[in-house]
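Notes follow once the structure below has been shown.
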There are 4 protein chains.
Amino acid sequence: MASIELRRRIRWADADAAGRLHFPRIFEYFEEGEGELLRSVGFSMFDRGGYDFPRKHVDAVFHRALPLDAPFVMRVTVGKLGNTSIRYDYQVFADEGCSQLALEGSMTVVVVKEGKPAPIPDKLRELLS
Amino acid sequence: MASIELRRRIRWADADAAGRLHFPRIFEYFEEGEGELLRSVGFSMFDRGGYDFPRKHVDAVFHRALPLDAPFVMRVTVGKLGNTSIRYDYQVFADEGCSQLALEGSMTVVVVKEGKPAPIPDKLRELLS
Amino acid sequence: MASIELRRRIRWADADAAGRLHFPRIFEYFEEGEGELLRSVGFSMFDRGGYDFPRKHVDAVFHRALPLDAPFVMRVTVGKLGNTSIRYDYQVFADEGCSQLALEGSMTVVVVKEGKPAPIPDKLRELLS
Amino acid sequence: MASIELRRRIRWADADAAGRLHFPRIFEYFEEGEGELLRSVGFSMFDRGGYDFPRKHVDAVFHRALPLDAPFVMRVTVGKLGNTSIRYDYQVFADEGCSQLALEGSMTVVVVKEGKPAPIPDKLRELLS
């Protein structure tokens, strides 16, 4: 399955009053990861041929805190290609060597065309496999 | 178990380029609900007697889109009082009568004191039961 | 000129790692104030008859910090009705009596129709005067 | 004066319901630019020797819309070193060649130590000059 890694940092805007990752922000990175994964295989989130990808389910489990300014590596992998849905899996590591798992999670989107769930386009399915 | 309802609206800042709830924002409302639920039973999130409540797990399932400017009702309920953790359950309705479920989810926090998981304080347990 | 007041609180999501208002967030409240002011005079930001209101200029001056959980009062006033622009003025107070000014600022929007600046519609001009 | 450039993209999380930069987000990039400029001269925003940098004033003027997914170049320059304040100036360009100015703005911070305005530390002044 297609996979990429992004390297980012906990910016001031990403931290909360406890001085660590404000967790809703990690889902913004999840979405950035989705966009960059799709871009990496030649598909644009922003010229989608009439397709829409509403989110159906998201979750995350937090293993260690990411403090303000901490660099992190986010690995995005296609976890499951359903008939009309795509699940992306995420692992966020606190170190460059990807040995310290800070959090993991997933985001499942539905493929929608003209307002209704539709099969993943063949070309996209191929690109993500 | 303790429970409250909040009435809010999908503000401009809460909407995404598809003109509907940008899902990471709902977790900000989840946290607001946690704070208001605690406030309603007389406990302040912001004067916590040395306790910290890092998030351990969050999830959400989306049933119907909430468009820009849509009013919504968020019901927050204490879902589970563990030994050292609290799970809050959330239901977000698209209508005042709470018959149209837009999304539901949960947030589990760990009770931490001096850097280590600690039992829920007796008074807080009582207030949330 | 039209004016309203909103009462809000510095939510967890609005605070930064210094435990006070993360300033970009106040502009989200500015926009909420714009929307509620327009709503109060019977105009919907979300059914705008083909009009668009891109932002041209924003500014803010900070006089005192708003800590996490602090309630505040935001006063929104129409500051200037130009030919094709509207300036909203904002004052945010740290107290219910509006004697402690925490910050003030403004937001100027351009009235755009079919991609070009257009005169403020007569009815809207009247409602905001 | 010290200056750097950052290259970023209007992410899904940065766009509003009009499909373009949600302006409060640009201030998050302003802050990221401040942090990276300081880092580039060897000063850490996150190990600040007891100094605090509350924001005193911010502004921005918008010249052209940045649509979703648009890459941009943000130039950050130290605009003024006062006695107890620093003004950062920002220019955001829609093109790699920095000929299409999308917006410009500034952020003025006060140097605070032990709760009071304090002179810019000599070393920091030197680094930023």
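The values are calculated or read from the model by the stated rules, or taken from the named source; none is laboratory data. No experiment lies behind these values; they were computed from the predicted model shown. Here the Cβ is made from the backbone with ideal geometry for all residues, glycine too, and neighbour counts use every protein chain on show. When the accessible area is computed, the model is the full protein with side chains, heavy atoms only, and any ligands, DNA or RNA have been set aside. Shrake-Rupley method; radii C 1.70, N 1.55, O 1.52, S 1.80 Å.
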* So which residues in the range C:1-45 are at the interface with another protein chain (Cβ under 9 Å from one of its Cβ atoms) and assigned to a loop (DSSP other than H, G, I, E, B), if there are any at all? -> C:Arg11, C:Asp16, C:Ala17, C:Ala18, C:Gly19, C:His22, C:Phe23, C:Ser44, C:Met45
* Asked: What pairs can you find where one residue is in the range D:41-62 and buried (at least 18 other Cβ atoms within 10 Å of the Cβ), the other is in a loop (DSSP other than H, G, I, E, B), and their Cβ atoms are less than 6 Å apart, with a gap of 6+ or different chains?
  -> D:Arg55/C:Phe23
* To do: Scan the range C:74-84 for residues that are over 12 Å from C:Gly33 (Cα atoms) and either among the charged types (D, E, K, R) or within 14 Å of the chain's Cα centre (by Cα) (or both) and jot them down.
  => C:Gly79, C:Lys80
* Asked: Is it true that some residue in the range C:106-120 is in a helix (DSSP H, G or I), charged (D, E, K, R) and modelled with pLDDT under 95?
  -> no
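Just give me the residues in the range D:1-16 being in contact with a strand residue (DSSP E or B) (Cβ under 9 Å, 6 or more places away or on another chain) and at pLDDT 95 or above, in sequence order.
Residues of the range D:1-16 in contact with a strand residue (DSSP E or B) (Cβ under 9 Å, 6 or more places away or on another chain): D:1-10, D:14-16.
Hits for the range D:1-16 are D:Ser3, D:Ile4, D:Glu5, D:Leu6, D:Arg7, D:Arg8, D:Arg9, D:Ile10, D:Asp14, D:Ala15, D:Asp16.
Say we look at the range D:1-39 and pick out the residues that are of a type in the set (Gly, Ala, Ser) and touching a helix residue (DSSP H, G or I) at 6+ places or on another chain (Cβ under 8 Å); which of these is most open to solvent (accessible area, probe 1.4 Å)?
The qualifying residue most open to solvent (accessible area, probe 1.4 Å) is D:Ser3.
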* Among the candidates A:Leu68, A:Leu127, single out the residue that is surrounded by 15 or more Cβ atoms within 10 Å (Cβ to Cβ) and out of contact with any strand residue (DSSP E or B) (no Cβ under 9 Å at 6 or more places or on another chain). => A:Leu127
* Structure fact -> Of the residues in the range A:64-86, those that are within 13 Å of another protein chain (Cβ to nearest Cβ), in contact with a Leu (Cβ under 9 Å, 6 or more places away or on another chain) and closer than 21 Å to A:Val110 by Cα number 0
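Would you say A:Ser85 is exposed (fewer than 15 other Cβ atoms within 10 Å of the Cβ) and more than 23 Å from B:Tyr90 (Cα to Cα)?
Values: exposed (fewer than 15 other Cβ atoms within 10 Å of the Cβ): no; more than 23 Å from B:Tyr90 (Cα to Cα): yes.
It is false that A:Ser85 is exposed (fewer than 15 other Cβ atoms within 10 Å of the Cβ) and more than 23 Å from B:Tyr90 (Cα to Cα).
For the range B:96-109, give me each residue that is over 15 Å from B:Ser3 (Cα atoms) and open to solvent by 30 Å² or more (accessible area, probe 1.4 Å). Steps first, answer last, please.
First, pick out the residues of the range B:96-109 that are over 15 Å from B:Ser3 (Cα atoms): B:96-97, B:99-103, B:108-109.
Of everything in the range B:96-109, those that are over 15 Å from B:Ser3 (Cα atoms) and open to solvent by 30 Å² or more (accessible area, probe 1.4 Å) turn out to be B:Glu96, B:Gly97, B:Ser99, B:Gln100, B:Leu101.
Please verify whether D:Asp69 is acidic (Asp, Glu) and in contact with a helix residue (DSSP H, G or I) (Cβ under 8 Å, 6 or more places away or on another chain), treating the condition exactly as stated.
Values: acidic (Asp, Glu): yes; in contact with a helix residue (DSSP H, G or I) (Cβ under 8 Å, 6 or more places away or on another chain): yes.
It is true that D:Asp69 is acidic (Asp, Glu) and in contact with a helix residue (DSSP H, G or I) (Cβ under 8 Å, 6 or more places away or on another chain).
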* To do: Would you point out the residue of the range B:46-63, among those that are touching a Leu at 6+ places or on another chain (Cβ under 7 Å) and assigned to a loop (DSSP other than H, G, I, E, B), that is nearest to the other protein chains (Cβ to nearest Cβ)?
  => B:Phe46
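Which is of a type outside the set (S, T, N, Q) and more than 22 Å from A:Ala17 (Cα to Cα), of C:Leu66, C:Leu101? Break it down into steps so the answer makes sense when it comes.
Numbers: C:Leu66 fails: more than 22 Å from A:Ala17 (Cα to Cα).
When all the criteria are applied, what remains is C:Leu101.
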* Which of (1) among the β-branched types (Val, Ile, Thr); (2) surrounded by fewer than 18 Cβ atoms within 10 Å (Cβ to Cβ); (3) out of contact with any Ser or Thr (no Cβ under 9 Å at 6 or more places or on another chain) is the odd one out, the single condition D:Val112 does not satisfy? -> (3)
